[in-house]
Amino acid sequence: MSDTPLKKEIRRLIEVAGPMPVARYMSLCLTHSQYGYYVTRDPFGAGGDFTTAPEISQIFGELLGLWALSVWRMLGEPESIRLVEMGPGRGTMMRDALRAAKVLPKFLSAVSVHMVEVSPTLEKAQRHTLSDVELPISWHRHVLDVPEGPTILLANEYIDALPIHQVVKQADGWHERVIGLDSDGDFAMGLAADALPQFDRFLPQKIKDAPTGAIFEWRNDLHILDIGRRVVKNGAALIIDYGHTQSDVGETLQAVDRHSFADPLSSPGVIDLTAHVDFQILGQAAESLGASVQGPVTQARFLKELGLEARAEALLRKATPEQAEAITEAVERLTASGRTGMGELFKVMAICDPKLGPLPGMESE
Ligand code: SAH
């Protein structure tokens, strides 16, 4: 297969500057300004590479709209509230959320919508999806560009698309995993020659004690700190993603091409790359800012607590037999356990102003 333009570009960068950390590779693959995966395409749906919860069922976005409405009430019904979505894909979730929120016009009249998106292609898709919405909507490249004030922030399958570093434990410490070139000029994984100084100082004991050869993946905290800062006073953020509740070793970087797994080093810019979210690390970062952290709970439990079943029944009453089958299948997929379902693999965590009590769906058992 011929090299993708991004493969040529990355090869050139490696030739000039030497092997490249996995995080830089992932970042270039997903968001390179010209050839990045998200920048050049709309990857969602049956004809694309993968399907996300809002694309599976309208109920997902609707329940999040009702969640936002309840949180606005808990915040004391501020007269202006920023409803922020990070990485909104096609804009489907926001459209469904705003439709459901029509039950409380007072809430909608307080809302300004802020879409945080790096991809001009997806921004265009979002503008199209939201073209009928009669509320102020603006687009931003970064959450820091959203004006300050009371904020409700939603992020579904956003963090998993942010770059991860991989480090490998060796006798003398943790070494960054890097991508270099083999004798044919193809990409090959390797290890940086020197251990990262003091790397394990802040790691959970379980990771420190991992055997030689173990791989640990970590993300730069900046993204979650930026989100946390926006909501620590008069706000709440809901992070929904696939991942693990406790930090752990193991490789989770995965490439997906048309609904099948692929080699992360093949076809950069053409395949999707994601990695599990480490909710323990996210929670610790948010708490370090003074924010309170609720959950994570499983997606199945969260959606059921928000009334998934009642909403599905309401839709079923009006559905044709084919629609009814699709609704039942969607609900099953959103809540099923095991590797193919999203119910247990996906977790939901809230980060919020410590003055708030338990948020909807987050009550402890
Ligand atoms: N939330 C959507 C899409 C998830 S895919 C859904 O559930 O369907 C990841 C999204 O994050 C895409 O919209 C992608 O363009 C965006 N994205 C990826 N990296 C980003 C970054 N660094 N900043 C902002 N958005 C980003």
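Each reported figure results from applying straightforward, stated rules to the coordinates on display, with no laboratory input. Keep in mind it's a predicted model, so treat the numbers as computed, not measured. Cβ coordinates were reconstructed from backbone atoms using ideal geometry, including for glycine residues, and neighbour counts include every protein chain displayed.
See the values below:
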{"read-out": "Equivalent ellipsoid semi-axes, the stretch 33-131, via Cα gyration tensor eigenvalues times 5, rooted, Å", "value": "27, 15, 10"}
{"read-out": "Label-point gap, in nm, between Arg73 and Asp42 - each point 7 angstrom along Cα→Cβ", "value": "3.5"}
{"read-out": "Sorted by Cβ density within 10 Å, fewest first, the residues Glu85, Glu325, Glu176, Glu134", "value": "Glu134, Glu325, Glu176, Glu85"}
{"read-out": "The stretch 257-365: translational diffusion in µm²/s, Stokes-Einstein, Kirkwood Rh over Cα pairs, 20 °C, 1.002 mPa s", "value": "129"}
{"read-out": "Cβ-based charge dipole, the chain, positive-most Cα from Trp174, Gly243, Leu144", "value": "Leu144"}
{"read-out": "Estimated 222 nm signal from helices in the chain, with DSSP H stretches of n ≥ 4 weighted -39500 (n - 2.57), rounded to 500", "value": "-10000 deg cm²/dmol"}
{"read-out": "Extension gain from Lys355 to Asp194, taking 0.36 nm per residue of separation minus the Cα-Cα distance", "value": "53.4 nm"}
{"read-out": "Electrostatic dipole magnitude of the stretch 1-138 [Cβ: Lys, Arg +1; Asp, Glu -1; Cα centre; debye, to 20]", "value": "200"}
{"read-out": "As computed over the stretch 319-364, the Cα convex hull volume per residue (Å³)", "value": "102"}
{"read-out": "For the chain, built as a Gaussian network whose Cα springs stay under 10 Å, the top-fluctuating residue of Ser27, Ser292, Ser260", "value": "Ser260"}
{"read-out": "Principal axis dimensions, largest first and in whole angstrom, of the stretch 107-163 by Cα", "value": "36, 26, 18"}
{"read-out": "Burial ranking of peptide ranges 55-62, 76-83 (average Cβ count within 10 Å, highest at the top)", "value": "55-62, 76-83"}
{"read-out": "Listed residue (Leu359, Tyr158, Val118) projecting farthest to the positive dipole end of the chain, Cβ model", "value": "Leu359"}
{"read-out": "Candidates Thr340, Thr151, Thr92, ranked by Gaussian network fluctuation over the chain, Cα under 10 Å, top entry", "value": "Thr340"}
{"read-out": "Cα gyration tensor category, rounded, prolate or oblate, for the stretch 197-265 with a/c compared to 1.5", "value": "oblate"}
{"read-out": "Separation in nanometres of the label points that stand 7 Å from Cα toward Cβ, at Thr320 and Ser260", "value": "3.3"}
{"read-out": "Net charge dipole size for the chain [Lys, Arg +1 and Asp, Glu -1 on Cβ; Debye, nearest 20]", "value": "780"}
{"read-out": "Euclidean distance of C-alpha centroids, the stretch 242-265 and the stretch 318-365, integer Å", "value": "21"}
{"read-out": "Chain lengthening between Glu309 and Ser337 when straightened (0.36 nm per residue, less Cα-Cα)", "value": "8.4 nm"}
{"read-out": "Share antiparallel - DSSP beta bridges, the chain, percent rounded to 5", "value": "60"}
{"read-out": "Inverse of mean 1/r across different Cα pairs in the stretch 1-58, Kirkwood, Å", "value": "13.1"}
{"read-out": "Label-to-label distance, nm, for residues given as Glu344 and Asp182 (7 Å Cα→Cβ offset)", "value": "3.7"}
{"read-out": "Around Ser80: net Lys/Arg minus Asp/Glu count, Cβ-Cβ under 14 Å", "value": "-1"}
{"read-out": "24 Å Cα cut-off, lysine pairs counted over the chain (separation 8 or more, or different chains)", "value": "12"}
{"read-out": "Extension gain, Ser33 back to Glu148 (0.36 nm per residue minus Cα-Cα distance, nm)", "value": "38.7 nm"}
{"read-out": "nm² value of the averaged projected area, convex hull over the Cα atoms of the chain", "value": "19.4"}
{"read-out": "Histogram of C-alpha separations across the stretch 139-202, 10 Å bin width, %", "value": "16, 28, 23, 24, 9, 1"}
{"read-out": "Spatial separation of Cα centroids for the stretch 114-150 and the stretch 17-55, in angstrom", "value": "19"}
{"read-out": "Between the stretch 158-235 and the stretch 82-105, the alpha-carbon center distance in angstrom", "value": "33"}
{"read-out": "The stretch 189-303: radius of gyration and largest Cα-Cα distance (Dmax), Å", "value": "16.5, 47"}
